[in-house]
């Protein structure tokens, strides 16, 4: 089954909702700073987690933003929409007294979603 066919299934909508709810909960709930001072290869483990969480963001937004017959600029719009989600969740943390904004987390989010966007762009041709 091809990606375009999979993303039209009704269960896919529930998976999208679950992804965005889980993303919001992970980013905005007071989870704690476990292992935040541990560095591996110059990266904190939470940066890797941020990148992996946002790796699938373009896929989750894909069918909402890009149509089959639409112009190529829709792919840029998909990247911008994914980046907007990444920025909204990170800047939202700045408004919470028990969370903090970190530009490195935002950078990890954008790197993760960019990798996901490039892979999706190559697979969805």
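For a Förster distance of 25 Å, can you work out the FRET efficiency between the beta-carbons of residue 76 and residue 96, rounded to the nearest 0.05? So, using R0 = 25 Å, E works out to roughly 0.20.
Once R0 is set to 22 Å, what does the formula 1/(1 + (r/R0)^6) return for the Cβ-Cβ distance between residue 103 and residue 26, expressed as a FRET efficiency to the nearest 0.05? The computed FRET efficiency comes out at 0.75. Approximating the spin labels as points 7 Å out from Cα along Cα→Cβ, the residue 67-to-residue 111 distance works out to 3.7 nm.
By definition, a body whose alpha carbon gyration tensor gives a ≥ b ≥ c is prolate when a/c is 1.5 or more and a/b is larger than b/c, and segment 84-125 fits this prolate description.
Quick check on segment 56-98: take the gyration tensor over C-alpha atoms, sort the square-rooted eigenvalues as a ≥ b ≥ c, and tell me if it's rounded (a/c under 1.5), prolate or oblate. Judged from the Cα gyration tensor, segment 56-98 comes out prolate (a/c at least 1.5, a/b above b/c).
When only alpha carbons of segment 3-123 are considered, Rg and Dmax amount to 15.3, 48 Å.
Here, each number is a calculation from the coordinates, and none is a lab measurement. Bear in mind the structure is a predicted one, so any value in this text is a computation, not a measurement. Positions of Cβ are backbone-derived with ideal geometry, glycine not excepted, and every protein chain shown enters the neighbour counts.
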